[in-house]
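Note sheet for the following structure.
Read-outs: derived from the displayed coordinates by stated rules, not from any lab. Treat the numbers as computed from the prediction; the structure is a model and nothing was measured. Methodologically, a virtual Cβ is constructed for each residue, glycine included, from the backbone with ideal geometry; neighbour enumeration extends over all protein chains shown.
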Amino acid sequence: MPRRRRESNDDPFARIAPYYDQIMSSVPYGIWAEYLLQLAELAGRPIRPGSRVLDLATGTGSIALQLARRGCLVVGIDRSEAMLAQARRRAADSGLSVEFLCCDLTDFDLPPEFDHALCVYDSLNYILDHKRLERAFANTRAALRGGGLLIFDVNTVRALEMELFTQRSAEDAPVRYRWTSRYNPRTRISRVRMRFEVAATGEHFSAVHHQRAYTDEELRSALAAAGFDDVAVYAAYRLAPPDDLTDRAFYVARPAQQ
Ligand SMILES: C[S@@+](CC[C@H](N)C(=O)[O-])C[C@H]1O[C@@H](n2cnc3c(N)ncnc32)[C@H](O)[C@@H]1O
């Protein structure tokens, strides 16, 4: 039986989940999906109708649903039950069949049946130590079948150093927010205090998120430890390598022997 254990720590997405899609309404998930398709094509393993795709840290399922709409057979996993509840509702509303499982990336075990594993929107930065990141990669590696690709993005060290999480919504947004981040250069962890207000109800709530900045060397070493030794890196949404100004980078990785 696949192992699907959930970590017992608090879920920083629990309160946000019902509003997540409203807050992210300007995120161009369709364009992101097309970019993922482009990266997979470039790597010689196109995502096609019928491809089996594992969407890691699927959240409310935006990318999972984009790919299901393109005919892929998608499983989405996330550790937040609250986010998955939204994902399941959205799939039911749109008549798309996607399986959503609650499990932690650092502790899951799925059969080796996926052609592609995807992980977007800096979800891997939420894993705060290197050993656990290695485990997430190793679990993913074990779920891929021959020639399978892992594609993920990360906030770069620069993004967290520059406190890019310090931001606020428009004053007339339906869910107003104000986020303040503090980056610790020693631990390379950003602590982001998030405050929200729902305009229609006046409800207020807050959450604290932590993200770790990983260097390119650390990411490559964690990938190599998990058996991914063929790695390409791109500045987000472009086909050029990252440079000193890159805030988000995409990694395309696969086990070299396949
Ligand atoms: C910024 S959201 C991105 C969600 C989705 N990928 C998207 O593009 O909208 C980050 C997601 O990562 C999930 N997450 C963070 N750490 C995780 C872990 N260790 N295992 C599983 N999910 C995790 C959170 O629950 C959350 O849903």
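A few points about this structure:
- ³J(HN,Hα), Karplus 6.51/-1.76/1.60, whole Hz, each residue of the range 15-26, x for Gly, Pro: 6, 6, 3, x, 10, 3, 5, 5, 5, 9, 5, 8
- Residue by residue, the range 225-234 carries 3J(HN,Hα) couplings of 4, 8, x, 9, 10, 10, 10, 10, 10, 10 Hz when phi is fed to the Karplus relation 6.51 cos²θ - 1.76 cosθ + 1.60 (θ = phi - 60°); x denotes Gly or Pro.
- Whole-Hz Karplus values for the range 187-196 come out as 8, 6, 10, 9, 9, 10, 8, 10, 10, 10 Hz, taken residue by residue from phi with 6.51 cos²θ - 1.76 cosθ + 1.60 and θ = phi - 60°; glycine and proline positions read x.
- Stretch gain in nm, segment Ala240-Leu96, where the contour uses 0.36 nm per residue and the Cα spacing is subtracted: 48.4 nm
- Ranked by the mean number of other Cβ atoms within 10 Å of their residues, highest first, the peptides 190-197, 94-101 come out as 190-197, 94-101.
- Electrostatic dipole magnitude of the range 160-210 [Cβ: Lys, Arg +1; Asp, Glu -1; Cα centre; debye, to 20]: 360 debye
- Considering helices alone, the calculated mean residue ellipticity of the chain at 222 nm is -8500 deg cm²/dmol, with DSSP H runs of length four and up weighted by -39500 (n - 2.57) and normalised per residue.
- Environment charge at Leu37 (Cβ cut-off 10 Å; Lys +1, Arg +1, Asp -1, Glu -1): 0
- Debye, to nearest 20: dipole size of the chain, +1 on Lys, Arg Cβ, -1 on Asp, Glu Cβ: 340 debye
- Each peptide in 30-36, 115-121 was scored by the mean count of other Cβ atoms within 10 Å over its residues; highest first, the order is 115-121, 30-36.
- Sorted on the mean count of surrounding Cβ atoms within 10 Å across their residues, most packed first, peptides 216-225, 164-173 read 216-225, 164-173.
- Checking every one of the chymotrypsin sites (Phe, Trp or Tyr not before Pro) in the range 216-249 against DSSP loop status and a limit of 16 other Cβ atoms within 10 Å picks out Tyr237.
- At R0 = 30 Å, FRET efficiency that the Cβ-Cβ distance of Gln38 and Glu171 yields, to 0.05: 0.25
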